[in-house]
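The values are calculated or read from the model by the stated rules, or taken from the named source; none is laboratory data. Computed from a predicted structure; not experimentally measured. Because the Cβ atoms are built from the backbone with ideal geometry, glycine has one as well, and the counts that use them run over all protein chains shown. To get the accessible areas, we keep the full protein, side chains included, count just its heavy atoms, and leave off ligands, DNA and RNA. Shrake-Rupley method; radii C 1.70, N 1.55, O 1.52, S 1.80 Å.
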Amino acid sequence: MQAGRELDALVAEKVMGWTAIKGDLGSMPDGRIYVEVPYYSTAIAAAWGVVEKCKYEVWIRCLHGSCEVRVVDCGHEITRVDADTAPLAICLAALKAVGYELPQEAA
């Protein structure tokens with residue numbers, strides 16, 4: 001899975017716990033409003049929010065244009081993901097850590 005708005009929305013829902021709100025702003029009598037999903041898969045500041053949300057340890061190592069993210073619980077690796085950027089690796093690892101099955105090319 002590539003970095004982009006589709007992945008950002010998936011992380012918002014599956015990892016961050018967001019729920020979709022349909023309809024336009026004028027049709028929401030309870031006062032709910034739209035909030036733009038952060039750029040989790042492309043902006044490190046937003047991706048760091050995903051790390052902070054994780055209930056496990058997250059180890060990040062970036063060298064020579066490649067980043068590895070490991071999600072660890074009590075010293076045991078839950079998942080490991082390699083990607084071109086830290087935000088992308090964080091998002092993919094977080095999805096795997098919550099049990100979301102990634103397409104084969106993203107794993």
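Just checking, does the stretch 69-80 include any residue being of a type in the set (Gly, Ala, Ser), open to solvent by less than 80 Å² (accessible area, probe 1.4 Å), at pLDDT below 90 and out of contact with any strand residue (DSSP E or B) (no Cβ under 7 Å at 6 or more places or on another chain)?
Going residue by residue through the stretch 69-80, those that are of a type in the set (Gly, Ala, Ser) are 75.
Restricting the remaining residues to those that are open to solvent by less than 80 Å² (accessible area, probe 1.4 Å) gives 75.
Of the ones still in play, those that are also at pLDDT below 90 are 75.
After this cut, where a residue has to be out of contact with any strand residue (DSSP E or B) (no Cβ under 7 Å at 6 or more places or on another chain) as well, the list is 75.
Yes: the stretch 69-80 contains one or more residues that are of a type in the set (Gly, Ala, Ser), open to solvent by less than 80 Å² (accessible area, probe 1.4 Å), at pLDDT below 90 and out of contact with any strand residue (DSSP E or B) (no Cβ under 7 Å at 6 or more places or on another chain).
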| Quick check, is residue 52 modelled with pLDDT under 95, open to solvent by 60 Å² or more (accessible area, probe 1.4 Å) and within 17 Å of residue 12 (Cβ to Cβ)? | yes
| query | In the stretch 61-107, how many are closer than 19 Å to residue 44 by Cβ and β-branched (Val, Ile, Thr)? | reply | 5
| message | Can you confirm whether residue 13 is surrounded by 10 or more Cβ atoms within 10 Å (Cβ to Cβ) and modelled with pLDDT of 90 or more? | response | yes
| query | How many of the residues in the stretch 87-107 are open to solvent by less than 60 Å² (accessible area, probe 1.4 Å) and either closer than 14 Å to residue 7 by Cα or touching a His at 6+ places or on another chain (Cβ under 8 Å) (or both)? | reply | 12
| request: Go through the residues of the stretch 34-45 one by one and say whether even a single one is modelled with pLDDT under 95, among the hydrophobic types (A, V, I, L, M, F, W, C), in contact with a helix residue (DSSP H, G or I) (Cβ under 7 Å, 6 or more places away or on another chain) and within 19 Å of residue 5 (Cα to Cα). | output: yes
